[in-house]
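Enquirer: This is the structure I have questions about; it appears just below.
Please treat every number below as a calculation from the coordinates, not as lab data. Computed from a predicted model, the values in this text were never measured in an experiment. Neighbour counts are summed over all protein chains in view; Cβ atoms, including those assigned to glycine, are modelled from backbone coordinates with ideal geometry.
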Amino acid sequence: MSRIAILGDGSWGTALAGLARDGGHEVSVWSRKQPDWAPLARAQAAVIALPAQAIGEALTTLALPPDAALIIAAKGIERGTHRFMHQVVAEACPKNSVLILSGPSFAEDVTRGLPTAVTLAAGQLEVARFWAAHLARPHFRIYASDDLMGAAIGGSLKNVLAIACGISEGKKLGASARAALTARGFAELSRLGRALGARPETLVGLSGLGDLLLTCSSEQSRNYAFGKRLGEGMSIEEALAASSGVVEGAFSAEAALALAKENNIAMPITQAVAAIIEDGATPESMIRSLLDRPLGTE
């Protein structure tokens, strides 16, 4: 049994807290609404299920033991710095082991005990294996990895690409268009991944292609549902207000595009989503821009 602190009491933090309790661990939940500080000082692991853009600031105020494993369950890229979450956490807590939990998993499915499989990545494979064994349940399979960057890119980019697929659904462009966006979006994700040193097997695995396929095809995804509302005619503000939680892709799109430009990588779908969110471009104009691109080879 381990002492595990869950940072965040949203749907995902609540689902992971239930998993940990089901595994016999001593679990505490910290949130801004209920800041229970005492258990944090004793935690052997902290699962970070806070909004991605809030993690850096939160870690400056939380007193976590330097030997606690920090398991990131948020997916995003920090605005302004263009850092992935494991880079943010490593800078804030340089003495701690940093891990990423990512893969095709909706909180509701996990809470209901439905079969789910995810990736747990760490800088050292033995660390990933240790915590995978501690946190896995019969219905929640965890595959260990030592490719932190691969897990980070898959989890972050799929949110941006899911917005594009949601817009397509909202505009009633059909299943063929959604499939094309998903496939070409995966090509963008893969190009950025290769440039930043991610391994191909990670990108085609659970935390990459697996998560992308799920998020780009279901209204259970906040990002997909947000995009659908935009496609149906809502403004950015209206679509965000109608969302049940944080839409990470809306905050990561600009940072993802900046990384693409820094690495001289063509990411037209990501660029279109960023233009809609950041520059006020209409979905209709961005759809036309994608369809008018010169034909190429795969």
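Enquirer: For q values of 0.15, 0.16, 0.19, 0.24 Å⁻¹, compute log₁₀ I(q)/I(0) with the Debye formula on a Cα-only model of region 208-292, without solvent.
Expert: -0.57, -0.65, -0.92, -1.35
Enquirer: Taking neighbour Cβ counts within 10 Å as the exposure measure, how do I287, I55 sort from fewest upward?
Expert: The most exposed by this proxy come first: I287, I55.
Enquirer: May I pose another question? Under the rule that an exposed site lies in a DSSP loop and has at most 13 other Cβ atoms within 10 Å, name the longest stretch of the chain with no trypsin sites (Lys or Arg not before Pro) of that kind, not counting the sites themselves.
Expert: With trypsin sites (Lys or Arg not before Pro) excluded where exposed in loops, the chain gives 173-298 as its longest stretch.
Enquirer: Can you tell me, using C-alpha contacts under 8 Å and at least 6 residues apart, the relative contact order of region 1-59 as a whole percent?
Expert: Averaging sequence separation for qualifying contacts and normalising by length gives 46 percent for region 1-59.
Enquirer: Could I ask something else about it? Enumerate lysine pairs in the chain that are 8 or more residues apart or on different chains, then count those whose Cα atoms are under 30 Å apart.
Expert: 18
Enquirer: Then there's this: For region 3-146, max minus min Cα coordinate along each principal axis, in Å, sorted largest first?
Expert: 36, 31, 26 Å, listed from the longest principal axis down.
Enquirer: When only DSSP loop residues count, what chymotrypsin sites (Phe, Trp or Tyr not before Pro) in region 5-98 have their Cβ near at most 14 other Cβ atoms within 10 Å?
Expert: When the chymotrypsin sites (Phe, Trp or Tyr not before Pro) of region 5-98 are filtered for loop state and at most 14 Cβ neighbours within 10 Å, W37 remain.
Enquirer: Picking from L40, L125, L157, which is most flexible by a Gaussian network model of the chain using Cα springs under 10 Å?
Expert: L125
Enquirer: Another question, then. Over region 32-85, consider all pairs of different Cα atoms and compute the Kirkwood hydrodynamic radius from their mean reciprocal separation; express it in Å, one decimal.
Expert: For region 32-85, inverting the mean 1/r across all distinct Cα pairs yields 12.0 Å.
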